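Below you'll find the structure, written out as structure tokens, and then a few comments.
The values are calculated or read from the model by the stated rules, or taken from the named source; none is laboratory data. All figures in this text were calculated on a predicted structure; none of them were measured in a lab. Ideal geometry is used to build each Cβ from the backbone, glycine not excepted, and the neighbour counts take in all protein chains shown. Accessible surface areas use protein heavy atoms only, side chains included; no ligands, DNA or RNA. Shrake-Rupley method; radii C 1.70, N 1.55, O 1.52, S 1.80 Å.
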Amino acid sequence: MRKWLTVILYVSCIILAFIYRYEILAWLKEDHNLLLSMLAATVLALFPVIPYKLIIGLFGYAYGSLAGALICWTATTLAAAIVYGLVKFMFQNKSMTYLNSISALDKFTGAVQRRPFASVVLARLAPVIPQMAVNIYAGAAGLPFWSYLAATGLGKIPGITLYAFLGGQMFQHPRSAAIAVILYVAVLAAAGFSIRPRSAKL
């Protein structure tokens, strides 16, 4: 019963955040209270009703690129740990039963569990993979927590740094913003190339 109450509460919070998403955005643009901003960044990472890239850009604009990146990195890493914990300790048994029941998912999960750190880093770097899906999957698959958390923190750095920099510098220094995008793409390409041989063995 507690599990379903938790799910209902989570869904309700998402609905409320979605209803008031424009008010939240307006508040983020105007209010620069650090503690409240950190709380808001964490809540929006837990309940992703607004594209988080936009949130990072707003924080970069409001606080500057470095401070905005630090706030969002801390908030998203904390949110990732919370979601992982909720899924692992409340739903892992059922989740593992489901993952093991499908051959393709079972093989994929086995490969990820053999290399959890590298798998999570790559998932965090890939801009097309929903970050909430990574949090939920990691908890469901029972990946080692500290390995997951370290990989999450490391893998989030390039993307958050980029979007915070764009938020703080794009209009003032468009050339620097373009260079930052190119560097980010280069990091993604290097990461993909570095794991390609090992991925083929999996």
- request: Residues being hydroxyl-bearing (Ser, Thr, Tyr) and farther than 22 Å from LEU162 by Cβ: count how many of those fall in the stretch 31-90.
  value: 1
- line: Heads up, the helices (runs of 4 or more DSSP H) in the stretch 94-202 (entirely inside) with at least 2 residues that are at pLDDT 85 or above are 103-114, 116-125, 131-141, 145-169
statement: In the stretch 37-54, anything crowded, with 19+ Cβ neighbours inside 10 Å and farther than 25 Å from GLY139 by Cα is listed as SER37
- request: Scan LEU58, LEU66, LEU70 and give me the residue that is part of a helix (DSSP H, G or I) and open to solvent by less than 40 Å² (accessible area, probe 1.4 Å).
  value: LEU58
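Test ILE71 against the criterion of being over 15 Å from MET132 (Cβ atoms), more than 16 Å from the chain's Cα centre (by Cα) and either modelled with pLDDT under 80 or not aromatic (Phe, Trp, Tyr) (or both), and give yes or no.
Details: over 15 Å from MET132 (Cβ atoms): yes; more than 16 Å from the chain's Cα centre (by Cα): no; either modelled with pLDDT under 80 or not aromatic (Phe, Trp, Tyr) (or both): yes.
Against the criterion (over 15 Å from MET132 (Cβ atoms), more than 16 Å from the chain's Cα centre (by Cα) and either modelled with pLDDT under 80 or not aromatic (Phe, Trp, Tyr) (or both)), ILE71 does not qualify.
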statement: Just one listed residue, out of ALA126, ALA79, ALA150, is open to solvent by less than 30 Å² (accessible area, probe 1.4 Å) and out of contact with any Leu (no Cβ under 7 Å at 6 or more places or on another chain), and it is ALA126
